[in-house]
Amino acid sequence: MNLHEYQAKELFQRAGIPTAPGIIAVTPAEARAAAIAIGGTVVVKAQVHSGGRGKAGGVKLAATPDEAEEKARAILALTIQGLPVRKVLVTSAVDIASETYAAILVDRAAKTPLLMLSAAGGVDIEETARTNPKAIVKIAIDPITGLLPWQARAAMQRIGRTGKAGTDMADILVRLYRVFWDEDASLAEINPLVITQDGRALALDAKVSLDDNAFFRHADLEAMRDTADETAGSILARERGLSYVPLDGDIGCVVNGAGLAMATMDLVKHYGGQPANFLDIGGSSNPEKVVAAVKIILGDSTVKAILFNIFGGITRCDDVARGILSALDQLQLDVPLVIRLTGTNEDIARKMLAERGLTATTSMDEGVKAAIAAAGGGAR
(Lines give C-alpha, C1' and ligand atoms only; values in the text may rest on other atoms or scores of the structure.)
Protein backbone atom coordinates (compact mmCIF):
# COMPACT_ATOMS: atom_id res chain seq x y z
CA MET A 1 0.00 0.00 0.00
CA ASN A 2 1.38 3.39 -0.99
CA LEU A 3 1.03 6.36 1.35
CA HIS A 4 0.46 9.94 0.32
CA GLU A 5 3.32 12.31 1.00
CA TYR A 6 1.60 13.91 3.97
CA GLN A 7 0.95 10.48 5.50
CA ALA A 8 4.54 9.38 4.96
CA LYS A 9 5.71 12.57 6.64
CA GLU A 10 3.61 11.69 9.67
CA LEU A 11 5.66 8.50 9.99
CA PHE A 12 8.85 10.48 9.49
CA GLN A 13 7.90 12.93 12.21
CA ARG A 14 7.16 10.10 14.65
CA ALA A 15 10.69 8.82 14.01
CA GLY A 16 12.21 12.25 14.57
CA ILE A 17 12.96 13.03 10.92
CA PRO A 18 12.67 16.80 10.40
CA THR A 19 10.27 17.98 7.71
CA ALA A 20 8.99 21.37 6.63
CA PRO A 21 5.68 22.42 8.27
CA GLY A 22 2.67 21.43 6.16
CA ILE A 23 -1.13 21.42 6.19
CA ILE A 24 -3.43 19.29 4.04
CA ALA A 25 -6.22 21.02 2.08
CA VAL A 26 -9.07 19.71 -0.06
CA THR A 27 -10.39 23.06 -1.34
CA PRO A 28 -8.70 26.22 -2.64
CA ALA A 29 -10.07 28.14 0.36
CA GLU A 30 -8.48 25.64 2.74
CA ALA A 31 -5.19 26.04 0.88
CA ARG A 32 -5.40 29.80 1.38
CA ALA A 33 -6.04 29.35 5.10
CA ALA A 34 -3.11 26.93 5.30
CA ALA A 35 -0.80 29.43 3.61
CA ILE A 36 -1.84 32.09 6.14
CA ALA A 37 -1.19 29.72 9.04
CA ILE A 38 2.24 28.68 7.72
CA GLY A 39 3.31 32.16 6.64
CA GLY A 40 5.72 33.24 3.93
CA THR A 41 6.20 31.53 0.59
CA VAL A 42 4.66 28.08 0.42
CA VAL A 43 4.67 25.11 -1.93
CA VAL A 44 1.33 23.62 -3.02
CA LYS A 45 1.77 19.92 -3.79
CA ALA A 46 -0.72 17.48 -5.33
CA GLN A 47 -1.34 14.38 -3.21
CA VAL A 48 -1.74 11.46 -5.59
CA HIS A 49 -0.19 8.02 -5.72
CA SER A 50 1.91 8.93 -8.72
CA GLY A 51 5.39 10.06 -9.61
CA GLY A 52 6.16 13.01 -11.84
CA ARG A 53 3.90 15.43 -9.99
CA GLY A 54 6.16 18.39 -10.70
CA LYS A 55 6.37 17.69 -14.43
CA ALA A 56 2.58 17.39 -14.56
CA GLY A 57 2.09 20.79 -12.92
CA GLY A 58 1.19 19.35 -9.54
CA VAL A 59 3.85 21.23 -7.53
CA LYS A 60 3.79 25.04 -7.48
CA LEU A 61 5.27 27.88 -5.44
CA ALA A 62 2.96 30.52 -4.00
CA ALA A 63 4.25 33.77 -2.51
CA THR A 64 0.94 34.90 -0.98
CA PRO A 65 -2.22 33.26 0.41
CA ASP A 66 -4.20 34.48 -2.60
CA GLU A 67 -1.65 32.89 -4.91
CA ALA A 68 -1.79 29.68 -2.88
CA GLU A 69 -5.56 29.58 -3.36
CA GLU A 70 -5.14 30.15 -7.10
CA LYS A 71 -2.44 27.49 -7.46
CA ALA A 72 -4.45 25.01 -5.39
CA ARG A 73 -7.50 25.56 -7.61
CA ALA A 74 -5.42 24.73 -10.69
CA ILE A 75 -3.82 21.67 -9.11
CA LEU A 76 -7.10 20.29 -7.77
CA ALA A 77 -8.42 20.38 -11.35
CA LEU A 78 -5.59 18.14 -12.58
CA THR A 79 -5.54 14.46 -13.38
CA ILE A 80 -2.02 13.01 -13.06
CA GLN A 81 -1.34 9.65 -14.71
CA GLY A 82 -5.06 8.94 -14.70
CA LEU A 83 -5.52 9.90 -11.05
CA PRO A 84 -7.61 12.96 -10.16
CA VAL A 85 -6.09 15.26 -7.56
CA ARG A 86 -8.44 15.43 -4.56
CA LYS A 87 -6.18 17.08 -1.99
CA VAL A 88 -3.03 19.18 -1.78
CA LEU A 89 -0.32 19.61 0.80
CA VAL A 90 0.58 23.22 1.55
CA THR A 91 4.06 23.33 3.01
CA SER A 92 6.62 26.04 3.70
CA ALA A 93 9.18 26.75 1.01
CA VAL A 94 12.87 26.56 1.97
CA ASP A 95 16.09 27.90 0.47
CA ILE A 96 18.03 24.85 -0.65
CA ALA A 97 21.82 24.57 -0.55
CA SER A 98 22.07 20.92 -1.63
CA GLU A 99 19.81 18.01 -2.56
CA THR A 100 20.38 14.30 -1.95
CA TYR A 101 18.41 11.21 -2.91
CA ALA A 102 18.00 8.68 -0.08
CA ALA A 103 15.97 5.49 0.03
CA ILE A 104 15.80 2.16 1.79
CA LEU A 105 14.12 -0.68 -0.04
CA VAL A 106 14.06 -4.46 -0.23
CA ASP A 107 16.80 -6.03 -2.33
CA ARG A 108 14.98 -9.21 -3.30
CA ALA A 109 18.02 -10.78 -4.94
CA ALA A 110 20.26 -10.29 -1.89
CA LYS A 111 17.33 -10.77 0.54
CA THR A 112 18.40 -7.75 2.61
CA PRO A 113 17.35 -4.13 3.02
CA LEU A 114 19.27 -1.86 0.66
CA LEU A 115 20.34 1.74 1.19
CA MET A 116 20.47 3.83 -1.98
CA LEU A 117 22.06 7.28 -2.02
CA SER A 118 22.84 9.81 -4.71
CA ALA A 119 24.13 13.36 -4.66
CA ALA A 120 21.80 13.90 -7.65
CA GLY A 121 18.72 14.46 -5.53
CA GLY A 122 15.46 16.10 -6.52
CA VAL A 123 15.32 14.39 -9.91
CA ASP A 124 13.97 11.10 -11.26
CA ILE A 125 16.26 8.45 -9.77
CA GLU A 126 15.33 6.14 -12.66
CA GLU A 127 16.82 8.64 -15.10
CA THR A 128 19.97 8.94 -13.00
CA ALA A 129 20.27 5.15 -12.89
CA ARG A 130 19.97 5.01 -16.68
CA THR A 131 22.29 7.87 -17.61
CA ASN A 132 24.79 7.88 -14.73
CA PRO A 133 24.58 4.69 -12.67
CA LYS A 134 27.89 5.43 -10.92
CA ALA A 135 26.19 8.39 -9.23
CA ILE A 136 24.13 5.96 -7.12
CA VAL A 137 25.68 4.34 -4.06
CA LYS A 138 24.13 1.05 -2.94
CA ILE A 139 24.84 -0.45 0.47
CA ALA A 140 23.37 -3.70 1.78
CA ILE A 141 22.07 -3.48 5.36
CA ASP A 142 22.39 -6.39 7.76
CA PRO A 143 18.84 -6.97 9.04
CA ILE A 144 20.24 -8.23 12.35
CA THR A 145 22.08 -5.01 13.22
CA GLY A 146 20.12 -2.56 11.10
CA LEU A 147 21.72 0.60 9.74
CA LEU A 148 24.36 1.67 12.26
CA PRO A 149 25.29 5.36 12.69
CA TRP A 150 28.88 4.86 11.52
CA GLN A 151 27.63 3.11 8.39
CA ALA A 152 25.29 5.99 7.64
CA ARG A 153 28.10 8.53 8.09
CA ALA A 154 30.43 6.49 5.85
CA ALA A 155 27.70 6.27 3.21
CA MET A 156 27.26 10.04 3.26
CA GLN A 157 31.00 10.55 2.87
CA ARG A 158 30.93 8.38 -0.25
CA ILE A 159 28.68 10.92 -1.96
CA GLY A 160 30.61 13.91 -0.65
CA ARG A 161 28.34 14.86 2.23
CA THR A 162 30.76 15.61 5.08
CA GLY A 163 31.00 17.81 8.16
CA LYS A 164 27.95 18.73 10.23
CA ALA A 165 25.64 18.47 7.22
CA GLY A 166 26.81 14.93 6.53
CA THR A 167 26.39 13.95 10.18
CA ASP A 168 22.88 15.41 10.35
CA MET A 169 21.84 13.61 7.16
CA ALA A 170 23.38 10.38 8.44
CA ASP A 171 21.19 10.67 11.54
CA ILE A 172 18.16 11.02 9.26
CA LEU A 173 19.22 7.86 7.40
CA VAL A 174 19.29 5.89 10.65
CA ARG A 175 15.82 7.19 11.48
CA LEU A 176 14.62 6.42 7.94
CA TYR A 177 15.72 2.83 8.44
CA ARG A 178 13.73 2.77 11.67
CA VAL A 179 10.62 3.79 9.71
CA PHE A 180 11.34 1.15 7.09
CA TRP A 181 11.83 -1.62 9.65
CA ASP A 182 9.32 -0.73 12.33
CA GLU A 183 6.47 -0.07 9.90
CA ASP A 184 7.13 -3.13 7.70
CA ALA A 185 7.74 -1.01 4.62
CA SER A 186 8.98 -2.19 1.25
CA LEU A 187 10.22 1.33 0.43
CA ALA A 188 11.03 4.43 2.47
CA GLU A 189 12.32 7.27 0.30
CA ILE A 190 13.31 10.93 0.66
CA ASN A 191 13.77 12.85 -2.56
CA PRO A 192 15.11 15.32 -1.92
CA LEU A 193 16.84 15.20 1.43
CA VAL A 194 18.13 18.77 1.58
CA ILE A 195 20.50 21.00 3.44
CA THR A 196 19.00 24.49 3.64
CA GLN A 197 20.96 27.70 3.26
CA ASP A 198 20.90 28.08 7.05
CA GLY A 199 22.35 24.58 7.51
CA ARG A 200 19.29 22.50 8.44
CA ALA A 201 18.76 18.96 7.17
CA LEU A 202 15.16 18.40 6.06
CA ALA A 203 13.12 15.72 4.28
CA LEU A 204 11.34 17.84 1.68
CA ASP A 205 9.46 14.92 0.18
CA ALA A 206 8.44 11.52 1.50
CA LYS A 207 7.44 8.27 -0.13
CA VAL A 208 6.56 5.11 1.78
CA SER A 209 5.20 1.82 0.46
CA LEU A 210 3.90 -0.61 3.08
CA ASP A 211 3.63 -4.40 3.00
CA ASP A 212 -0.09 -5.21 3.24
CA ASN A 213 0.76 -8.64 4.64
CA ALA A 214 1.98 -7.02 7.86
CA PHE A 215 -1.18 -5.02 8.59
CA PHE A 216 -2.17 -7.44 11.34
CA ARG A 217 0.59 -5.62 13.26
CA HIS A 218 -0.36 -2.13 12.11
CA ALA A 219 -4.05 -1.29 12.40
CA ASP A 220 -3.12 2.40 12.44
CA LEU A 221 -1.38 2.12 9.09
CA GLU A 222 -4.19 0.20 7.44
CA ALA A 223 -6.49 3.06 8.45
CA MET A 224 -4.38 5.32 6.20
CA ARG A 225 -5.51 3.48 3.08
CA ASP A 226 -7.00 5.87 0.52
CA THR A 227 -9.55 3.93 -1.52
CA ALA A 228 -10.65 6.94 -3.59
CA ASP A 229 -8.46 5.92 -6.54
CA GLU A 230 -9.04 2.18 -6.22
CA THR A 231 -11.46 0.37 -8.50
CA ALA A 232 -14.43 -1.47 -7.05
CA GLY A 233 -12.75 -4.67 -8.23
CA SER A 234 -9.55 -3.94 -6.30
CA ILE A 235 -11.51 -3.24 -3.14
CA LEU A 236 -13.60 -6.41 -3.51
CA ALA A 237 -10.47 -8.48 -4.18
CA ARG A 238 -8.84 -7.25 -1.00
CA GLU A 239 -12.00 -7.89 1.03
CA ARG A 240 -12.26 -11.46 -0.30
CA GLY A 241 -8.58 -12.27 -0.01
CA LEU A 242 -7.91 -12.45 -3.75
CA SER A 243 -4.71 -11.33 -5.48
CA TYR A 244 -5.78 -8.98 -8.27
CA VAL A 245 -3.86 -6.63 -10.53
CA PRO A 246 -5.73 -4.93 -13.42
CA LEU A 247 -3.91 -4.77 -16.75
CA ASP A 248 -4.62 -3.25 -20.17
CA GLY A 249 -5.88 -6.27 -22.14
CA ASP A 250 -9.27 -7.81 -22.85
CA ILE A 251 -8.90 -11.45 -21.68
CA GLY A 252 -10.11 -11.75 -18.09
CA CYS A 253 -8.10 -14.46 -16.32
CA VAL A 254 -9.21 -16.43 -13.25
CA VAL A 255 -6.47 -18.79 -12.10
CA ASN A 256 -5.48 -20.69 -8.96
CA GLY A 257 -1.89 -20.11 -7.91
CA ALA A 258 0.42 -17.19 -8.65
CA GLY A 259 2.80 -19.23 -10.81
CA LEU A 260 0.01 -20.58 -12.97
CA ALA A 261 -1.47 -17.09 -13.23
CA MET A 262 1.84 -15.73 -14.52
CA ALA A 263 2.16 -18.64 -16.96
CA THR A 264 -1.40 -18.02 -18.15
CA MET A 265 -0.67 -14.38 -18.90
CA ASP A 266 2.53 -15.36 -20.69
CA LEU A 267 0.64 -17.86 -22.83
CA VAL A 268 -2.09 -15.35 -23.65
CA LYS A 269 0.63 -12.96 -24.86
CA HIS A 270 2.40 -15.79 -26.70
CA TYR A 271 -0.70 -16.54 -28.75
CA GLY A 272 -1.31 -12.90 -29.59
CA GLY A 273 -3.81 -11.91 -26.91
CA GLN A 274 -3.69 -9.38 -24.10
CA PRO A 275 -4.51 -10.34 -20.49
CA ALA A 276 -6.87 -7.95 -18.72
CA ASN A 277 -5.68 -8.88 -15.26
CA PHE A 278 -3.74 -11.04 -12.87
CA LEU A 279 -6.32 -12.74 -10.63
CA ASP A 280 -5.32 -15.57 -8.32
CA ILE A 281 -8.09 -17.21 -6.31
CA GLY A 282 -5.45 -19.09 -4.32
CA GLY A 283 -5.62 -22.59 -2.94
CA SER A 284 -9.05 -22.22 -1.37
CA SER A 285 -11.95 -24.38 -2.51
CA ASN A 286 -14.49 -21.74 -1.50
CA PRO A 287 -16.98 -21.29 -4.38
CA GLU A 288 -17.75 -17.77 -3.14
CA LYS A 289 -14.22 -16.73 -4.07
CA VAL A 290 -15.00 -17.79 -7.63
CA VAL A 291 -18.19 -15.71 -7.63
CA ALA A 292 -16.21 -12.72 -6.33
CA ALA A 293 -13.58 -13.24 -9.04
CA VAL A 294 -16.22 -13.17 -11.77
CA LYS A 295 -17.74 -10.00 -10.28
CA ILE A 296 -14.33 -8.34 -10.31
CA ILE A 297 -13.70 -9.20 -13.94
CA LEU A 298 -17.19 -8.19 -15.07
CA GLY A 299 -16.54 -4.80 -13.48
CA ASP A 300 -13.86 -4.20 -16.15
CA SER A 301 -15.65 -2.93 -19.24
CA THR A 302 -12.68 -3.77 -21.48
CA VAL A 303 -13.00 -7.53 -20.90
CA LYS A 304 -14.27 -9.38 -23.98
CA ALA A 305 -13.84 -12.97 -22.73
CA ILE A 306 -13.24 -14.74 -19.44
CA LEU A 307 -10.73 -17.57 -19.14
CA PHE A 308 -10.77 -19.95 -16.17
CA ASN A 309 -7.51 -21.86 -15.91
CA ILE A 310 -7.65 -24.25 -12.96
CA PHE A 311 -5.12 -26.90 -12.04
CA GLY A 312 -6.76 -28.75 -9.17
CA GLY A 313 -4.58 -29.75 -6.27
CA ILE A 314 -5.65 -28.31 -2.95
CA THR A 315 -8.18 -26.39 -5.01
CA ARG A 316 -10.89 -28.85 -6.03
CA CYS A 317 -12.22 -28.57 -9.56
CA ASP A 318 -15.78 -29.38 -8.46
CA ASP A 319 -15.78 -26.46 -6.03
CA VAL A 320 -14.57 -24.14 -8.79
CA ALA A 321 -17.30 -25.49 -11.06
CA ARG A 322 -19.82 -24.89 -8.29
CA GLY A 323 -18.58 -21.31 -8.03
CA ILE A 324 -18.87 -20.82 -11.80
CA LEU A 325 -22.44 -22.07 -11.80
CA SER A 326 -23.29 -19.88 -8.83
CA ALA A 327 -21.84 -16.88 -10.65
CA LEU A 328 -23.98 -17.66 -13.70
CA ASP A 329 -27.06 -17.77 -11.45
CA GLN A 330 -26.23 -14.50 -9.69
CA LEU A 331 -24.66 -12.39 -12.40
CA GLN A 332 -25.44 -11.34 -15.95
CA LEU A 333 -22.60 -12.80 -17.95
CA ASP A 334 -22.55 -11.01 -21.29
CA VAL A 335 -19.08 -12.10 -22.43
CA PRO A 336 -17.92 -15.55 -23.58
CA LEU A 337 -16.66 -17.96 -20.90
CA VAL A 338 -13.82 -20.42 -21.58
CA ILE A 339 -12.94 -23.05 -18.98
CA ARG A 340 -9.86 -25.21 -18.58
CA LEU A 341 -10.03 -27.68 -15.70
CA THR A 342 -7.73 -30.51 -14.73
CA GLY A 343 -6.79 -32.15 -11.46
CA THR A 344 -8.66 -32.97 -8.26
CA ASN A 345 -12.29 -33.99 -8.93
CA GLU A 346 -12.18 -32.84 -12.53
CA ASP A 347 -14.61 -35.59 -13.63
CA ILE A 348 -17.18 -34.41 -11.13
CA ALA A 349 -16.63 -30.81 -12.19
CA ARG A 350 -16.95 -31.64 -15.88
CA LYS A 351 -20.24 -33.46 -15.24
CA MET A 352 -21.63 -30.52 -13.24
CA LEU A 353 -20.74 -28.10 -16.02
CA ALA A 354 -22.14 -30.39 -18.74
CA GLU A 355 -25.52 -30.41 -17.00
CA ARG A 356 -25.62 -26.65 -17.62
CA GLY A 357 -24.42 -26.92 -21.21
CA LEU A 358 -20.83 -25.92 -20.45
CA THR A 359 -17.68 -27.70 -21.56
CA ALA A 360 -14.16 -27.58 -20.19
CA THR A 361 -10.90 -28.43 -21.89
CA THR A 362 -7.94 -30.04 -20.15
CA SER A 363 -5.42 -28.30 -22.40
CA MET A 364 -4.06 -24.95 -21.28
CA ASP A 365 -3.03 -24.05 -24.83
CA GLU A 366 -6.47 -24.87 -26.20
CA GLY A 367 -8.14 -22.84 -23.47
CA VAL A 368 -6.00 -19.79 -24.10
CA LYS A 369 -6.50 -19.98 -27.87
CA ALA A 370 -10.26 -20.37 -27.42
CA ALA A 371 -10.41 -17.34 -25.10
CA ILE A 372 -8.50 -15.18 -27.57
CA ALA A 373 -10.76 -16.27 -30.41
CA ALA A 374 -13.87 -15.63 -28.27
CA ALA A 375 -12.59 -12.10 -27.60
CA GLY A 376 -12.36 -11.50 -31.32
CA GLY A 377 -8.61 -11.96 -31.50
CA GLY A 378 -7.29 -14.97 -33.42
CA ALA A 379 -4.50 -16.81 -31.73
CA ARG A 380 -1.25 -17.16 -33.62
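Quick notes on this one:
- Judged by the gyration tensor of its Cα atoms, with axes a ≥ b ≥ c, the range 301-340 is oblate; a/c meets the 1.5 cut and b/c is at least as large as a/b.
- Length-normalised contact order of the chain in % [C-alpha pairs under 8 Å, at least 6 apart]: 12 percent
- Distance between the range 322-338 and the range 3-82 - C-alpha centres, whole angstrom: 46 Å
- Considering only 363, 209, 234, the mean-square fluctuation computed in a Gaussian network model of the chain, springs between alpha carbons under 10 angstrom, is largest for 363.
- Here the convex hull built on the C-alpha positions of the range 195-265 has a volume of 191 cubic angstrom per residue.
- Charge dipole (the chain, unit charges on Cβ, about Cα centre) - positive-most of 291, 19, 361: 19
- Within the range 192-344, the proportion of C-alpha pairs whose separation exceeds 20 Å stands at 55%.
- Dipole magnitude (debye, nearest 20) for the range 104-157, charges at Cβ of Lys, Arg, Asp, Glu: 160 debye
- Per residue, the accessible area of the range 237-380 comes to 44 Å² when a 1.4 Å probe rolls over the protein heavy atoms.
- Distance between the modelled labels on residue 354 and residue 335, one decimal in nanometres: 2.9 nm (7 Å Cα→Cβ projection).
- Shape of the range 256-380, Cα gyration tensor, a/c cut at 1.5: rounded
- The alpha-carbon of residue 207 sits under 27 angstrom from the alpha-carbons of these lysines, leaving out residues fewer than 8 places away in its chain: 9, 45, 55, 60, 71, 87, 111, 134, 138, 164.
- Beta bridge orientation in the chain: antiparallel %, DSSP, nearest 5: 75 percent
- The charge dipole of the chain, taken about its Cα centre with unit charges on the Cβ of Lys, Arg, Asp and Glu (plus for the first two, minus for the last two), comes to roughly 580 debye.
- Accessible area per residue, Å², the range 40-97 with all protein chains present, probe 1.4 Å: 46 Å²
- Our summary of shape: the Cα atoms of the chain have principal axis extents of 78, 48, 40 Å, ordered from largest down, in whole angstrom.
- Extension gain from residue 37 to residue 64, taking 0.36 nm per residue of separation minus the Cα-Cα distance: 8.6 nm
- For the range 75-199, the dipole from Cβ point charges (+1 on Lys and Arg, -1 on Asp and Glu) about the Cα centre works out to 220 debye, to the nearest 20.
- With every protein chain in place, the chain: carbon and sulfur % of accessible area (1.4 Å): 52 percent
- Annotation for residue 158 and residue 270: the two label points, set 7 Å from Cα along the Cα-Cβ direction, are 4.1 nm apart.
- Residues in the range 128-226 average 51 Å² of solvent-accessible surface per residue, probe 1.4 Å, ligands and nucleic acids excluded.
- Distance between modelled label sites at residue 365 and residue 288, nm, 7 Å Cα→Cβ extension: 4.0 nm
- Reachable lysines from residue 369, criterion Cα separation under 20 angstrom, eight or more residues apart if same chain: 269, 304
- The range 109-188 and the range 237-287 have their alpha-carbon centroids 36 Å apart.
- Pairs of Cα atoms farther than 23 Å apart, the range 123-277, %: 58 percent
- The slack in the chain from residue 144 to residue 227, taken as 0.36 nm per residue of separation less the alpha-carbon distance, amounts to 26.4 nm.
The values are calculated or read from the model by the stated rules, or taken from the named source; none is laboratory data. These figures come from a predicted structure and were not determined experimentally. So basically every Cβ, Gly included, is an ideal-geometry build from the backbone, and we count neighbours across all protein chains shown. Protein only, heavy atoms only, side chains kept; ligands, DNA and RNA dropped before computing areas. Shrake-Rupley method; radii C 1.70, N 1.55, O 1.52, S 1.80 Å.
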